[in-house]
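Just so it is clear, none of the values below were taken in a lab; they were calculated from the coordinates. Model, not experiment: these values are computed from the prediction. Every residue, glycine as well, gets a Cβ built from its backbone with ideal geometry; the counts of neighbours run over all protein chains shown.
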Amino acid sequence: MMLKTPANNQLGCVTFALHSHLPYVINHGTWPHGTEWLYEAAAETYLPLLAVLGDLEQRGVALKANVGLTPILLEQLSHPLFKEEFPKYVIRKIEAAIKDADDFTAQGDQHMAKVAAFWRQFYQEALRHFEDLHGDIVLGFRKFYESGSIEIITSGATHGYFPLLGTDASIRAQVATGVETHVRFFGRKPRGIWLPECGYRPAGLWQFPVSLNGLGSAHGGKPFLRAGVEQILAENSLEFFYVDTHLVDSSTRFTPYEMLAGGVPRAVEVPSDHAGKNFYRPYLADTPDRKRAHVAFFTRDPRTGIQVWSGDHGYPGDANYLEFHKKRWPGGHRYWQISGAKVDLGAKLPYDPAIAQERVREHAAHFANITADVLKNFGKHGAGMPVLTAPFDAELFGHWWFEGPEWLKYVALEYARPESQVRLLTGAEYLDQYQPNGFVALPEGSWGANSDNSVWLNEDTAWTWKHIYPAELAVQQMANGGLWRGNPTATRLAQQICRELLLLESSDWQFLITTKNARDYAEKRFHAHLDQLRALLDTWGRFEATRQVPADKLAELEKIELRDSVFPNIAPERWATIQD
């Protein structure tokens, strides 16, 4: 199938955003929590996505997805330990499938033996694909980025949750380190960013939401002025991000504008519920500095997304698809279909890959139809071409919903039909062709439960912030002093302090604690990075006093560097206070 030219009666565009992220697990455990997460995601999501992109390319079709690869994920996929150990993991899965096939054959269960052969072939193809890439999954994505099949976007360095980070310097460092990492891996600056957890906070007064035991005196314990997230994105030349539906629904002000000569916006204030504001146009995040901070956002479509991510109401819950929770041990392969929403695990029916494949095609056609209907019925208000935004965690496709990557492929093929009135575009391509429809003043929020900060700040996680905020202030004080400059050993120490703060700030720890998924692991990891950061800050205090790093402390630094060797070009000055 060849690429079609846009139809004259085009209804609009669809833009997928696939957010790929895992917390840093290299050198921090294997199974059940640790590097096995990374191996599973690589085998079940990242390599299948690359295979889909390659298959589409052979047909002359491009997915045009905005693929978010978080900086900390890039560091892990390029880590020598991952490249060495991942093939061993895949070989174990192949061997387990072979053993399962022998067991099922001995039991006279030919259907299950065929499913075991399916798993053997799946992992053999994964291993072959990995070897063809010479172990470089990141390079595989770069190929499709350079061909225009996808747009790779960045994120915060370690997925720190921006609305709750305690200093603008910390957000600036997360963003700047993310941009630098993107450039290092892909040779160009990113145009878009996935805000961690889609967490946004506007400019304005802010105060620490937890008691700091006196350390809040840095601001007298009173609210102080903070920059808006969009201002920090603009400082790094980022052009767009994504928000959840609720933030646009509850936005306080909509300001359409006309572009004058020279690209200068002329704004006219109107009520926030003006008919021109909807979910199917990008807008600029309103800001105190409209002249400099022109950063657009795309809004998650509330009418079609549930069809994709919901196991209760959407495609992933179809009875014929692979059941995620039931596995055969010791190999861990899955041999059963979902069978029904309320079917007990013990009563699950055998999985049939061929039937599941047919359902994938049907669901792809259904999605293409309903997105066209939504664009036709709800995309009329506003200037320019309507765009339906479909943001999801990439790991939904393949890992959680095994058939998901193939569904993406067939969706792209549906839109590529000559009669289709919808086309796929990346966010950057859309902004190259159409202007945002005006400024929208967004409230604080996220795509988490309740659309607020409660997943990351609650009675179970408040204690983490009581440690994060003093750590941020201590690192900012170190950065403001600049004493590491000109001293290689002190520079190493300052850099590792910054790495440990970034790892401490990962939003994954609060998420895992709140959801009770791997809570013990998350708490252990948080304390490990906190202890290492405190030890390094103690060494920094000695350096400040003596301009020396003792031999035993240097050995301690080397051990921590070996364990958490991320972001080799990390710049401590990014944590310094900026005087506007």
Query raised in the report: Counting only residues 5 or more places away or on other chains, whose amide H sits under 5 Å from the amide H of ASP393 once H atoms are built in the peptide plane?
Result: HIS19
Query raised in the report: Counting each DSSP H run of 4 or more residues in the chain as -39500 (n - 2.57), what helix-only mean residue ellipticity at 222 nm follows after dividing by all residues, to the nearest 500 deg cm²/dmol?
Result: -14000 deg cm²/dmol
Requested in this report: Determine which lysines satisfy two conditions relative to LYS93: a Cα distance under 21 Å, and not lying fewer than 8 residues away in the same chain.
Outcome: LYS83, LYS114, LYS326, LYS327
Query raised in the report: What whole-number value in cubic angstrom gives the convex hull volume per residue for the C-alpha atoms of the chain?
Result: 161
Query raised in the report: Can you list the lysines whose alpha carbon sits under 17 Å from that of LYS143, skipping same-chain ones fewer than 8 residues off?
Result: LYS64, LYS189
Report summary line: A correct fewest-to-most ranking of TRP407, TRP400 by other Cβ atoms within 10 Å would be TRP400, TRP407
Query raised in the report: Normalised by the residues of region 462-575, what does the relative contact order come to in percent, with Cα pairs under 8 Å and at least six apart?
Result: 36
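For region 108-232, what is the charge dipole size about the Cα centre, in debye to the nearest 20, if Lys and Arg each add +1 at the Cβ and Asp and Glu each add -1 at the Cβ?
Here the size comes out at about 320 debye.
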